[in-house]
Amino acid sequence: MSKAGDNMEFYLMAPNGSRIHLPINPERITCQTGTKIETFDVISLGTITLPRGTVPTRFTFEGFFPGEARRNAPYVTDWRPPKELVGILSTWRDKGVKLRLLVTETPINHDVYFDGEDSFEHEWKGGHGDCWYRIRLVQARELMILTENELRKTVPAAKVAPSRPALPPPKLYTVKPGDNLWIIAKRILGDGSRWKELYSKNKSVIGPDPNKIYPGQVLRIA
């Protein structure tokens with residue numbers, strides 16, 4: 001269980017470029033992990049055994065979206081109407097969108113899904129138009145499942161044509177609507193976690209806040 005410090009910032013980002021920057025940090029985020037072996041008897045697939053490994057991590061946190069009356073409070077950053085945030089989160093949950101959970105100043109930088117129907121709960125209370133919420137996410141994992149019969153089959157190795165050398169990344173990039181440094185690093189450098197490299201090279205262009213970039217800005221990539 002990690003205590004969220006004042007310098008941490010919480011982001012949820014969708015593949016289409018939309019994102020939520022929590023206007024007030026949750027007091028804490030709980031990360032539930034573990035290891036196990038499980039066997040499932042799945043209809044028409046036979047018995048399936050998952051090898052020993054790490055169970056996908058589950059992330060749980062709660063807090064509130066400040067209402068209009070608090071939008072200019074010094075502890076609120078990147079304010080957006082609570083109804084707008086609730087609508088975006090509900091849509092992501094209902095459509096099963098894979099998201100990127102990023103908590104700065106921590107190792108948390110994972111692809112996640114909402115973890116079930118009750119994984120986003122919210123209620124309106126107080127006299128300021130605040131919305132209190134609770135979110136539960138599960139780490140996204142790709143898993144290939146083979147039946148016993150499939151494991152017995154011998155599949156000849158396919159001939160792989162020699163790959164063409166990868167093109168070097170462009171030296172300059174013009175920011176587009178919906179971009180952020182993580183998205184640009186993922187698209188151009190192949191790894192969203194390299195966003196800090198981009199910020200270091202372009203701090204004079206971006207300014208003191210790496211989260212505030214604007215369409216039309218030209219960033220140096222290499």
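List the strands (runs of 3 or more DSSP E) inside the stretch 100-196, counting only whole elements, that have at least 1 residues being at pLDDT 90 or above.
Ranges flagged: 109-114, 120-124, 131-139.
Can you tell me how many residues within the stretch 175-217 are among the hydrophobic types (A, V, I, L, M, F, W, C) and within 20 Å of THR77 (Cα to Cα)?
Just the residues of the stretch 175-217 that are among the hydrophobic types (A, V, I, L, M, F, W, C), to begin with: 175, 181-185, 188-189, 195, 198, 205-206, 213.
Restricting the remaining residues to those that are within 20 Å of THR77 (Cα to Cα) gives 181-182, 206, 213.
So the count comes out to 4.
Just to be sure, is ILE20 in contact with a helix residue (DSSP H, G or I) (Cβ under 8 Å, 6 or more places away or on another chain), modelled with pLDDT of 90 or more, under 21 Å from LEU99 (Cβ atoms) and not acidic (Asp, Glu)?
yes
Restricting attention to the stretch 197-222, which residues are within 18 Å of GLU9 (Cβ to Cβ), more than 20 Å from the chain's Cα centre (by Cα) and part of a helix (DSSP H, G or I)?
Answer for the stretch 197-222, where residues must be within 18 Å of GLU9 (Cβ to Cβ), more than 20 Å from the chain's Cα centre (by Cα) and part of a helix (DSSP H, G or I): SER200, LYS203, ILE206.
Can GLU62 be described as of a type in the set (Asp, Glu) and at pLDDT 90 or above?
Yes.
Where residues in the stretch 62-87 are small (Gly, Ala, Ser) and part of a loop (DSSP other than H, G, I, E, B), which of them is surrounded by the fewest Cβ atoms within 10 Å (Cβ to Cβ)?
Checked the stretch 62-87; the qualifying residue surrounded by the fewest Cβ atoms within 10 Å (Cβ to Cβ) is ALA73.
The values are calculated or read from the model by the stated rules, or taken from the named source; none is laboratory data. Computed from a predicted structure; not experimentally measured. A quick note on method: Cβ atoms are made from the backbone with ideal geometry, for glycine too, and the neighbour counts reach across all protein chains shown.
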